[in-house]
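Worksheet for the structure shown next.
The values are calculated or read from the model by the stated rules, or taken from the named source; none is laboratory data. As the structure is a prediction and not an experimental result, all values here were calculated from the model. In this analysis, Cβ positions are derived from the backbone assuming ideal geometry, glycine residues included, and neighbour counts consider all displayed protein chains. Heavy atoms of the whole protein, side chains included, go into the accessibility calculation; ligands, DNA and RNA do not. Shrake-Rupley method; radii C 1.70, N 1.55, O 1.52, S 1.80 Å.
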Amino acid sequence: MVRHFLDIHRLDAATLRAILDDAHARKRARKGWPQGRPDADAPGKDRVLAMVFEKNSTRTRFSFDAAIRQLGGDSIIATASDMQLGRGEPVEDTARVLSRMVDAVMIRANDHEDVERFARVSSVPVVNGLTDRSHPCQILADLMTIEEHRGSIEGKTIAWIGDGNNVCHSFMHAAPKFGFHLNVACPAEYHPDLRDLEKGGAHVTLTSDPREAVKGADVVVTDTWVSMGDQDYEARLAAFEPYGVDETLMAEAADDAVFLHCLPAHRGEEVTDAVIDGPQSLIWDEAENRLHAQKAVLAWCFEAF
């Protein structure tokens, strides 16, 4: 059976734990190495990863390209506009063609359903690099970063402040799998999708009060208020103004709380310079860990463990 990595809620806790442990191990094993040297086991040797982008990307593009190289393989990168996909070719036809030319496909897509359609007919692993519905690779990198600095994620409390978006959805998917609690603070009109909220179950608490969500939390996370494709810029800025993460809000969290943001950040909107550049911020480790987490995802897809 082909191993796809589409959403965190689709995989069991043991599998997800194994992927995260592999990410930690691969990062430790490379300490001091040049970025272009393949890992010792090179589970991607002779394999090609296709990367398809419908959305602009910095961290996803560079981290997946570096990831497959460090696993011993190579990549082919294209935007949807480069392909017949951008001229209306059915997703399923593209999937069948690429399955005969590469060993895995990473897609950063507008519509989550397109990734699911692609995976249904693909004979090679498909990885969700981001959709409008979820961003599972980002969450693995975030959890990896927390564990590097604060130990096991199990039993900890994460406060999500701002938009109930795709990253928020994936955090809700992860909470019961990894045993942490997630407090989500959003304006009522921008709450998470209730289908995804249900997947978090008792591990997720939804509120409209950011201070209630942050109180005593081990981790504070936010994201841009206006994501790619959102058309209601002014309305969002007005609704989210009380949800900016500043030093006063961080002071409500645990004394050793850390701050995360998946980037790019709009400084002065969802977060102040004092927080994102301050001693509690782990955003650069978080960005780097996209590489290591995605290497582990690809290694799992290639059945290296």
Original post:
Among I77, I153, I276, whose mean-square fluctuation peaks in a Gaussian network model of the chain (Cα, cutoff 10 Å)?
Top reply: I77
Original post:
What accessible area per residue comes out for region 96-225, rounded to a whole number of Å², with a 1.4 Å probe?
Top reply: 34
Original post:
Plugging the Kirkwood radius over Cα pairs into Stokes-Einstein for region 165-235, at a temperature of 25 °C and a viscosity of 0.890 mPa s, what D comes out in µm²/s?
Top reply: 191
Original post:
For the chain, modelled as a GNM with alpha-carbon contacts under 10 angstrom, which of T58, T94, T222 fluctuates the most?
Top reply: T58
Original post:
Got a number for carbon plus sulfur as a percent of region 243-288's accessible area, 1.4 Å probe?
Top reply: 48
**OP:** Could you run the Debye sum over the Cα atoms of region 90-175, one equal point scatterer each and no solvent, and tell me log10 of I(q)/I(0) at q = 0.14, 0.15 Å⁻¹, two decimals?
**Re:** -0.58, -0.64
**OP:** Could you provide, to the nearest whole Å², the per residue accessible area of region 1-90 with probe 1.4 Å?
**Re:** 54
Subject >> Ratio of the Cα radius of gyration of region 56-114 to 2.2 N^0.38 Å, where N counts its residues >> reply: 1.18
Original post:
For region 182-293, what number results from the quotient of the Cα radius of gyration and 2.2 N^0.38 Å?
Top reply: 1.07
Subject >> P(r), alpha carbons of region 132-254 - 5 Å bins starting at zero, rounded % >> reply: 2, 12, 23, 25, 21, 12, 4, 1
Original post:
If you take the charge dipole of the chain about its Cα centre, with +1 on Lys and Arg Cβ and -1 on Asp and Glu Cβ, which of A304, M51, F62 is farthest toward its positive end?
Top reply: A304
**OP:** Report, to the nearest whole %, how much of the accessible area of region 1-125 belongs to carbon and sulfur atoms, 1.4 Å probe, protein only.
**Re:** 49
**OP:** Would you mind telling me which residue in L260, L85, L130 has the biggest mean-square fluctuation in a Gaussian network model of the chain, where springs connect alpha carbons within a distance under 10 angstrom?
**Re:** L85
Subject >> Calculated P(r) of region 35-137 - Cα pairs past 22 Å, % >> reply: 26
**OP:** Taking a cut-off of 30 Å between Cα atoms, list the lysines near K156, but don't count ones fewer than 8 places away on the same chain.
**Re:** K27, K31, K177, K199, K215, K295
**OP:** Give the label of the value calculated from the structure for mean projected area of the Cα convex hull in nm², choosing from (i) 21.8; (ii) 15.0; (iii) 18.0.
**Re:** (ii)
Subject >> Extreme residue, positive dipole direction of region 95-183, given options P176, P125, I153 (C-beta unit charges) >> reply: P125
